[in-house]
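The values are calculated or read from the model by the stated rules, or taken from the named source; none is laboratory data. Since the structure is predicted, the reported quantities are computational estimates derived from the model, not experimental observations. When we count neighbours, we look across all protein chains shown, and the Cβ atoms used for this are built from the backbone with ideal geometry, even at glycine. Surface areas here come from the heavy atoms of the whole protein model, side chains and all, with no ligands, DNA or RNA. Shrake-Rupley method; radii C 1.70, N 1.55, O 1.52, S 1.80 Å.
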Amino acid sequence: MMCGNEVANRPIQAMATRFIDPLVRLCGASVVIVPAIPEAVDTVMMADMLDGLLLTGGRSHVAPAQYGDGATLAPSACDPQRDSVALALAGRMIDRGKTVFGICRGMQEINVLFGGSLTCLGGLPRHHRGSWDSDYESLFDHHHAVDLMAGGVLAGRSTQRRVQVNSVHQQGVDRLGYGLVVEARDAEDGLIEAFRAPGCDADVLAVQWHPEWDIATCGVAQGFFSLMGESVRGHA
């Protein structure tokens with residue numbers, strides 16, 4: 001899933017290439033990149049065509065109006081076109097019983113889609129450090145502990161119940177969406193770090209951290225993409 005951005009004051013569509021490699025290697029997927037341009041995406045046709053959807057992370061926030069919050073964020077902090085395409089496409093995929101996984105912003109979108117709300121964390125060091133203008137190694141090298149919930153699908157792919165994950169976000173789950181079940185929480189403040197949707201026909205799983213960044217060293221990150229691959233292959 002792409003995001004709107006600007007280069008030299010001109011609008012572009014962008015997505016970090018690091019999301020693609022684990023989809024190919026661990027999911028065995030042929031990747032289709034969806035632009036965040038509502039008039040360019042027929043979400044009905046796209047939902048029929050795709051076997052699964054990964055809502056990737058992005059620099060922007062989900063607009064508060066999407067979850068009924070009257071708060072105002074700077075226009076540069078939001079991407080309303082991404083909100084529009086992501087929420088519509090994910091909803092149609094889930095209606096068809098197809099796989100939808102989310103990472104960071106993608107997790108926040110899924111929570112909103114299920115009627116949940118978000119909170120801005122104010123750039124707390126535990127959740128976000130540095131700037132998007134910094135080098136990625138510094139940005140993503142900030143790790144903290146999360147606890148995997150017993151009986152969860154992520155816990156089933158890990159030999160440990162407490163794992164270290166990275167953290168690069170300033171929004172988080174406030175009210176959990178209807179029917180969603182917590183898969184992981186921040187070990188210090190209890191913030192929801194992962195959830196799934198067991199009550200629908202689709203496989204829906206999302207994490208707040210960036211498993212694509214730690215894919216070479218983190219077992220739970222590998223488990224996230226392996227679970228997605230198994231689910232998508234079931235629809236192929």
Expressed as a whole percentage, what fraction of the accessible surface of the chain belongs to carbon and sulfur atoms when a 1.4 Å probe is rolled over the protein heavy atoms? 51 percent
Which far-off residues, 5 or more places away or on another chain, put their amide H under 5 Å from the one on Cys78, with H placed in the peptide plane? His61
Each residue of segment 51-68 in turn: what ³J(HN,Hα) in whole Hz from Karplus with 6.51, -1.76, 1.60 and θ = phi - 60°, glycine and Pro shown as x? 8, x, 9, 10, 8, 7, x, x, 6, 7, 9, 5, 4, x, 4, 5, 10, x
As a percent rounded to 5, the proportion of antiparallel DSSP bridges among beta bridges in the chain is 70 percent
Counting only protein heavy atoms and leaving out ligands, DNA and RNA, the solvent-accessible surface of His144 at a 1.4 Å probe, in Å² to the nearest 10, equals 10 Å²
Taking the chain and dividing mean pair separation by its residue count, relative contact order in percent (alpha carbons under 8 Å, at least six apart): 21 percent
Quick check for you: with a 1.4 Å probe and neighbouring chains kept, what is the accessible area per residue of segment 1-130, in Å²? 45 Å²
When you count, for each residue, the other Cβ atoms within 10 Å and take the mean per peptide, how do 108-117, 92-101, 28-37 rank with the highest first? 108-117, 92-101, 28-37
